[in-house]
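Peer 1: Attaching a single structure in structure tokens format; questions to follow.
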Amino acid sequence: MARRLAAVIGAGGWGTALACVLSRAGHDVRLWARRPDFAALLAQSRVNETYLPGVTLPAGITVESDIAVSLRRAGLVVLATPTQALREVLTAARPSLEPDALLVSAAKGIETATLLRPSEVLAATCGPGHQTLSLSGPNFAAEVGRELPAAAVLASDSLAAAAAAQGWFAGQRTFRVYTHDDLIGVELGGALKNVIAIVAGISDGLGLGLNARAAIITRGLAEITRLGVAMGAKPLTFAGLSGLGDLVLTCTGSLSRNQWAGRELGSGRAAADIVASTPMVIEGISTTQAAWTMAQEHGVEMPLTAELHQVLFAAKPVREVVNSLLSRVLRDERDHTDGIRPTGV
């Protein structure tokens, strides 16, 4: 059987890890890096020391800085760029896409200028001729790259397309991929958990303890689900890999960049300083702005998101967040309409 060709666009930690997964599944893989000097260094050293240290690229991976070369004959295209850069990269990629290529977004965020989910950015930029999907789940790139066991979910409005993309990841035994037809829920779960992870990190940075962290995770899931349902997602999606699974991992795992950013905020460090101190993209910061705006538009109360929005964009002291949250009107936990109000009220 002839080897198939996949392209991974974005040579950050997650893109590099996914290129390794696809290579281990028996495919030829082209890994695209934006900067020619970085691509040349990665091609020579075979280790992405900046974003995925300690993981040697399999022989089946070719590193490219020419996006047209990267996409030539690729039947699967995985977009692993930060959400806010996705449209720009897609615009450059579009003329070189194969007409029947499956387009998989591996980004976990919301485009702040339009409030579009990554798959919607793909569809708007590349047109209706391509099947667009989203890959999400509780996955740290460092562990996936080292072949530690992990599971993820591929979502599409077409289960046939999801199954076709799922087949590309078969043939290796450490990264198990499920399919799903709730594209809205899977993408929102993957994006919004980063917001809650920053809040959980703030709690840890303030030394508020494990009880507080557990409460944040649980109530965070409740507000993510409320917004998701208001936007057309299925409630049970948020109990799955891209919801509860990703939320727990990102709020508790030591490798979480969003939780780390929250800890730094809790210790008194400014957000701008945190962002400037790392080459990694902290998706939860831009997602907080988008989530807060979407909550207003859909008439959904999201207290954790709203408080983080005040910290990040209105200079609210982090210690005041605790009092604001604990002094809210008392409610019954079983009230699933909690926080949902007519739009504009």
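Peer 1: Go through the residues of region 26-34 one by one and say whether even a single one is under 20 Å from residue 86 (Cα atoms), aromatic (Phe, Trp, Tyr) and assigned to a helix (DSSP H, G or I).
Peer 2: no
Peer 1: Residue under question is residue 3, and the condition is that it be among the basic types (Lys, Arg) and out of contact with any helix residue (DSSP H, G or I) (no Cβ under 7 Å at 6 or more places or on another chain); does it hold?
Peer 2: yes
Peer 1: Oh, and also: Being more than 20 Å from the chain's Cα centre (by Cα) and buried (at least 17 other Cβ atoms within 10 Å of the Cβ) is the filter; apply it to region 1-15 and report the residue that is farthest from residue 79 (Cα to Cα).
Peer 2: Taking the candidates together, the pick is 4.
Peer 1: Specify which of the listed residues (22, 18) is crowded, with 22+ Cβ neighbours inside 10 Å, over 17 Å from the mean Cα position of the chain (by Cα) and not in a loop (DSSP other than H, G, I, E, B). Steps first, please.
Peer 2: Working: 18 fails: over 17 Å from the mean Cα position of the chain (by Cα).
After ruling out the rest, the residue left standing is 22.
Peer 1: Every residue in region 297-335 that is more than 24 Å from residue 187 (Cβ to Cβ), in a helix (DSSP H, G or I) and either in the same structural domain as residue 108 (by TED's automatic domain parsing) or not basic (Lys, Arg) (or both), please. First the steps, then the outcome.
Peer 2: Residues of region 297-335 more than 24 Å from residue 187 (Cβ to Cβ): 310-311, 314-335.
Okay, now just the ones that are also in a helix (DSSP H, G or I), so 310-311, 314, 318-326.
If the condition is that a residue be more than 24 Å from residue 187 (Cβ to Cβ), in a helix (DSSP H, G or I) and either in the same structural domain as residue 108 (by TED's automatic domain parsing) or not basic (Lys, Arg) (or both), then 310, 311, 314, 318, 320, 321, 322, 323, 324, 325, 326 are the ones that fit.
Peer 1: List the strands (runs of 3 or more DSSP E) inside region 38-132, counting only whole elements, that have at least 2 residues being β-branched (Val, Ile, Thr) and crowded, with 21+ Cβ neighbours inside 10 Å.
Peer 2: Result: 61-64, 76-79.
Peer 1: Please verify whether residue 294 is surrounded by 18 or more Cβ atoms within 10 Å (Cβ to Cβ) and either closer than 21 Å to residue 85 by Cβ or not assigned by TED's automatic domain parsing to the domain that holds residue 209 (or both), treating the condition exactly as stated.
Peer 2: Yes, satisfied.
Peer 1: Then there's this: For region 133-145: of the residues being touching a residue at least 60 places away in the same chain (Cβ under 8 Å) and not aliphatic (A, V, I, L, M), which is surrounded by the most Cβ atoms within 10 Å (Cβ to Cβ)?
Peer 2: Among those that are touching a residue at least 60 places away in the same chain (Cβ under 8 Å) and not aliphatic (A, V, I, L, M), it is 136.
Peer 1: Scan region 91-101 and give yes if some residue there is under 26 Å from residue 296 (Cβ atoms) and more than 13 Å from the chain's Cα centre (by Cα), otherwise no.
Peer 2: Keep residues of region 91-101 that are under 26 Å from residue 296 (Cβ atoms), which gives none.
Scanning region 91-101, I find no residue that is under 26 Å from residue 296 (Cβ atoms) and more than 13 Å from the chain's Cα centre (by Cα), so the answer is no.
Peer 1: Can you report the number of residues in region 238-270 which are buried (at least 24 other Cβ atoms within 10 Å of the Cβ), more than 20 Å from residue 175 (Cα to Cα) and of a type in the set (S, T, N, Q)?
Peer 2: 2
Peer 1: Read through the list (1) within 23 Å of residue 111 (Cα to Cα); (2) in a helix (DSSP H, G or I); (3) in contact (Cβ under 8 Å) with a residue 12 or more places away in the chain, then give the number of the only condition that residue 280 fails.
Peer 2: (2)
The values are calculated or read from the model by the stated rules, or taken from the named source; none is laboratory data. The structure displayed is predicted, hence computed values, not measured ones. Every residue, glycine among them, receives a Cβ derived from its backbone with ideal geometry; neighbour counts consider all protein chains shown.
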